[in-house]
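Step one of this worksheet: look at the structure below.
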Amino acid sequence: MSSKKKTILKVIILGDSGVGKTSLMQQFVNRKFSQQYKATIGADFLTKELVIDNKNVTIQLWDTAGQERFQSLGVAFYRGADCCVLVYDVTNNKSYDNVVSWKDEFLVQANIKNPETFPFILIGNKIDVEENKRQINNKKAQQLCAQLGNIPYFETSAKEAVNIDQAFDVVARNALQQEESLDFGDDYTDAINIHLDGESSTCGC
Amino acid sequence: MNQALDSKTLEDSLLIVKQQITLMRKCLESKNPQFMDALKHASTFLSELRTNKLSPKLYYELYVLVFDGLAYLSDFLKESHQTNHLADLYELVQYAGNIVPRLYLMITIGSVYMSIENAPKLEIMKDMLEMSAGVQDPIRGLFLRYYLSQKTKELLPTETESELKETIQFTITNFIEMNKLWVRLKHQGHSSERERRLKERKELQILVGSNLVRISQLDQIDKFYYKESILPKVLEQIVQCKDSLAQEYLLDVIIQVFPDEFHLLTLDDFLQSTLHLSEGFSMNKILVTLINRLIDFQKREPANVKVIISELSTLTLQKDEHEENHTEESDSETTKPQTSSNLFEKFYDYSHLLVENKPELNFKDLSLILEAICKLSLSYYPQDYENINKVFGFALALIHQTTQHLEIWEPLLKTPICYNFDPKLVLSLDDNYKQFASALPTAIQSANALYILEKFLEQDVRLSTVEEVKTLYELLAVWFTSEDSSDSNTNSLLFGTDSSKNEPDESPEVVSQYEALAKSIHLIHHTNPYKHFELLEIAKSFMSKSGSRVRYTYPTLLFAVIKLIRKLTIVQKLNALKLKQFCQFFSATNTELLTLVSNGTLQSEGGVLAQTCMNLNLSMALILDQSSHIDLSYEFFINSFVIYEESIVDSRLQFQCLLSIIGTLHKCRNIVNGNEDNFDVLISKTALYGSKLLKKTDQCRAVYLASHLWWIIEELDEEDEIESETAKTSEDELQVVIKTDNKKVLECLQKSLRIADSCLETNVSLELFVEILSRSLYFFIHGNELITIKYLNGLIELIQNSILTIGEENTSIDTPTKHFQRTLEYIRQQAQIDSRFEEIKDR
């Protein structure tokens, strides 16, 4: 019965404008990289079929606009996420500093029930640049991971396709775990219970 | 209240959608899927989207949930399309009762159908697009079309050229329809709700923009295709919709989502179209965004920019030839004026067109646009100052048309210095810049001047030509004139002379300006000291206009001259004739400063300034002595004495000045050797001044210090001392004798002793006695034969008696007593290495 069940994993990618969220996604889904810079407007997603431990899953990656003015409708699409990927640019201190606020913003907006166990992943992108341009070293990134609750960390290059699959493999696994824990949790029955309440109140009117 | 109602509606709807999704999934995921039931549940939750009670933001929340729910349906359909024939299902859902659920279902099935091999993709696309026209309510229609765009995005065919064309047509049509819905929302409802409509429209903008994102994601489109087939259509719609909100947003989206090289290539088209936009459109935002993008592009990929610009120029050339062949020579010029591939010229010409075509444009917008153009030029053509001159010429013309809100021009004024690595750029600008600056309020000019100067100081930019020095100080001109012309003159007219006397508690701004100005003198530099001097003269000609504030800058200027003389002395190239010039310059400047003191402008500050003038003179005298110009040196000493006599009136300052005089004279060498008579005049005069001081203590100390002027001995370096440590007894060989006059020294000491003795308070006398003992010991050690053991013993006895008289227990003499004890201790130590000391009595 459960084999019939199709799993859709919703993953949100967050980070400052220009850190390479779209590029990471493009590299993972389409194996493409473009040097051209195009800003993302609103929210956009790509899907990819994956097999994890003999299980077919569809991973839905939501790319978001780093610039707030392009989120005029708000961020309702955070809801129902199974995993959140936080991205910063290793050549940009500011993007690193903002990681924490992206995480907090996500927890607030996505209405996560158990923030302590919700899976986050940290990605430091653009490791293809020369060493002297790099502003955040591995040690500093590890510190941040510890601070965020020992979340997994990957250093990637969307440009040269370094570590992309490894990172998204962990993303998918953690997302799957999260999805399963919710599915068999009380969420399922909750909906029906409330439904009955709702029904009676409409009758009353 | 409305909001509370809204969120209640939302809560109810979300609940229904959640349960229906759960039920739908149960149907789909059971062993024997009940597809028709699932469809029914889907239809039920889709009906919630029919609401017209939600604001766009809340409707979006509902939409997101529905979207996630429909994803399960899509997945099921895809897995089971063998059994559930999609073409049939696509027909089947057309019978759903309500149009909103019907179309969502249709798009869900249609998009899965598109993903199946050999499906009639293009037909499905066309059909879905046409059917979507069935929903004409703006909010529901926009979301439905957004759903269409989201579901089809990864499926749009682009293999062949005709497919690509269809795909683009599909997306652009959807874009145009969405834009129409969006604009129409403006005209809906009561006019009192206009504010709310505007807010709602702003929230919805993202949906319309998503179509442009879609097009930008098609990799098959290159920049030429974009220029020929995409941009014109999109711009046409933007211009035609005549809605400033839509225009502003969509142009912003174009700038953001398409790559930089596309913008470079299509700049003319883009700028042209903006001339036709409706009133109320905020031109500056778009232009500033565009220019900032181009600047970033240049910063990020300078090589790439070069390639594209050269492509652009060949393209323009071809186009020109093309046109010349086809049209009459005369009117080709008038219709298409933009033939240059120079980005600056494009924008600059455009800014003129803007002023002509858009009279409603305000100055604030224009100032921001010009600022952006200025930045663009600095980024793309950093060496081309002519561009910047043009911008300021234009700005000058604009600023003459208004006298209001001039402060809006400040950022533009600062741009050349702010966005360039080389501050010297600002010196190369022509008169336009200066005129523009001087047309602005004084406070702004002043702040800009400080900003410029600080940049120069920060980077230690040397000023080495007449032009540079002149231009820099011309840029700072506002500081030199403001004080005299504005406040003090009018004040003195109104309130009599007192107010101008009652001067300077300077504001912190002025102080920091003049501090920077004084520092700027050190930026002046020329390898040839005489040329350097000429530059200083020029600097002075500017500084001299600042009234009493020259007191902040002249001292630095004078030290700069002293520095030059020292340099020339070291390399032994001091030309006597030139030196005279230096001295004249120095004296004249110093005299100007003194005038400030004598005419009382500065009041209490005057004494300190007089002291500074005297010290400057002394420094000059010393450097002239060192360079062997002893007659000149003598003159400057005499001048210093004149200042001392005439301008130093405060007794404490007098004492301090006298110390400076003694110290300086003591350092002189050449004048002592060359013209000892002159030197004697100077030192006798000094000792005389000392004896005439107001307070006895000052008199006494000045006189015993003056005694050193008759006993100038140069100790040799420490190294030499260490070498000959064993031969300590033959001290004479360790020092160079400049001047020794036993008698005069003794006279001075005696005189100071007499003054000390005449003090009324015995404890003060005692203190002075001990000090004189120390001096005497110095002369004894260094071989003044008149300072004998007997003399020293006499002094010691005098002190001991004095202590006894006052009484050892008296606390008022603690300090001198301790000093005395330490002196005796010193004598005992000396006795071990110098047998002469053994004879000194001590107990």
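Annotations
- Qualifying residues in region B:266-294 (those that are within 13 Å of chain A (Cβ to nearest Cβ) and surrounded by fewer than 21 Cβ atoms within 10 Å (Cβ to Cβ)) - the one nearest to the chain's Cα centre (by Cα): B:N292
- No other residue among B:D75, B:D37, B:D88 is within 10 Å of chain A (Cβ to nearest Cβ) and in a helix (DSSP H, G or I) apart from B:D75.
- Residue check, B:V208 over 27 Å from A:A76 (Cβ atoms) and open to solvent by less than 10 Å² (accessible area, probe 1.4 Å): no
- Annotation: of all residues in region B:768-796 being part of a helix (DSSP H, G or I) and among the small types (G, A, S), the one that is nearest to B:Q750 (Cα to Cα) is B:S776.
- Residue that is surrounded by the fewest Cβ atoms within 10 Å (Cβ to Cβ) [pool: residues in region B:218-254 that are assigned to a helix (DSSP H, G or I) and of a type in the set (D, E, K, R)]: B:E228
- All positions within region B:456-479 that are within 24 Å of B:S507 (Cβ to Cβ) and crowded, with 19+ Cβ neighbours inside 10 Å: B:F456, B:L472, B:Y473, B:L475, B:L476, B:V478, B:W479
- Number of positions in region B:814-843 that are of a type in the set (D, E, K, R) and part of a helix (DSSP H, G or I): 8
- Within the set B:K531, B:K519, the sole residue that is under 28 Å from B:S446 (Cα atoms), basic (K, R) and either open to solvent by 60 Å² or more (accessible area, probe 1.4 Å) or outside the structural domain of B:Q656 (by TED's automatic domain parsing) (or both) turns out to be B:K519.
- Exclusive hit being open to solvent by 50 Å² or more (accessible area, probe 1.4 Å), closer than 26 Å to B:S244 by Cα and touching a residue at least 60 places away in the same chain (Cβ under 8 Å), set B:K186, B:K202, B:K180: B:K180
- Yes/no for B:L129 being at pLDDT 95 or above, within 25 Å of A:T47 (Cβ to Cβ) and either among the hydrophobic types (A, V, I, L, M, F, W, C) or open to solvent by 60 Å² or more (accessible area, probe 1.4 Å) (or both): yes
- Flag for A:I123 being touching an Asp or Glu at 6+ places or on another chain (Cβ under 6 Å), more than 14 Å from chain B (Cβ to nearest Cβ) and either assigned to a loop (DSSP other than H, G, I, E, B) or not aromatic (F, W, Y) (or both): no
- Among the residues of region B:146-166, those that are more than 14 Å from chain A (Cβ to nearest Cβ) and either touching a residue at least 60 places away in the same chain (Cβ under 8 Å) or open to solvent by 40 Å² or more (accessible area, probe 1.4 Å) (or both) comprise B:E159, B:T160, B:E161, B:S162, B:E163, B:K165, B:E166.
- When the residues of region A:1-28 are filtered to those that are among the polar types (S, T, N, Q) and part of a loop (DSSP other than H, G, I, E, B), the one that is modelled with the lowest pLDDT is A:S2.
- Qualifying helices (runs of 4 or more DSSP H) (wholly inside region B:621-713; at least 1 residues being among the small types (G, A, S), open to solvent by less than 10 Å² (accessible area, probe 1.4 Å) and under 29 Å from B:S774 (Cα atoms)): B:676-691, B:696-706
- Test: residue in region B:141-152 that is more than 23 Å from A:T58 (Cβ to Cβ) and in a loop (DSSP other than H, G, I, E, B): no
- In region B:347-358, the residue that is nearest to B:N389 (Cα to Cα) out of those that are at pLDDT 90 or above and surrounded by 17 or more Cβ atoms within 10 Å (Cβ to Cβ) is B:Y348.
- Residue count, region B:367-393 (criterion: open to solvent by 20 Å² or more (accessible area, probe 1.4 Å), assigned to a helix (DSSP H, G or I) and farther than 14 Å from B:I408 by Cα): 7
- Flag if B:K26 is touching a helix residue (DSSP H, G or I) at 6+ places or on another chain (Cβ under 8 Å), within 12 Å of chain A (Cβ to nearest Cβ) and either open to solvent by 30 Å² or more (accessible area, probe 1.4 Å) or of a type in the set (G, A, S) (or both): no
- Residue tally, condition in contact with a strand residue (DSSP E or B) (Cβ under 6 Å, 6 or more places away or on another chain) and open to solvent by 30 Å² or more (accessible area, probe 1.4 Å), over region A:77-102: 2
- Qualifying residue in region B:6-16 (condition: within 11 Å of chain A (Cβ to nearest Cβ), farther than 30 Å from B:Q188 by Cα, assigned to a helix (DSSP H, G or I) and among the charged types (D, E, K, R)): no
- Candidates B:I562, B:I538 - the one that is in a helix (DSSP H, G or I), open to solvent by less than 60 Å² (accessible area, probe 1.4 Å) and either closer than 21 Å to B:I638 by Cβ or without any contact (Cβ under 8 Å) to a residue 12 or more places away in the chain (or both): B:I562
- Note on region A:12-60: residues that are within 13 Å of chain B (Cβ to nearest Cβ) and open to solvent by less than 20 Å² (accessible area, probe 1.4 Å) total 13.
- When each of B:G547, B:G607, B:G600 is tested for being open to solvent by less than 60 Å² (accessible area, probe 1.4 Å), part of a loop (DSSP other than H, G, I, E, B) and among the small types (G, A, S), the lone residue that passes is B:G600.
The values are calculated or read from the model by the stated rules, or taken from the named source; none is laboratory data. Since this is a predicted model, take the numbers as computed values, not measurements. Every residue, glycine among them, receives a Cβ derived from its backbone with ideal geometry; neighbour counts consider all protein chains shown. With ligands, DNA and RNA removed, areas are computed over all heavy atoms of the protein, side chains included. Shrake-Rupley method; radii C 1.70, N 1.55, O 1.52, S 1.80 Å.
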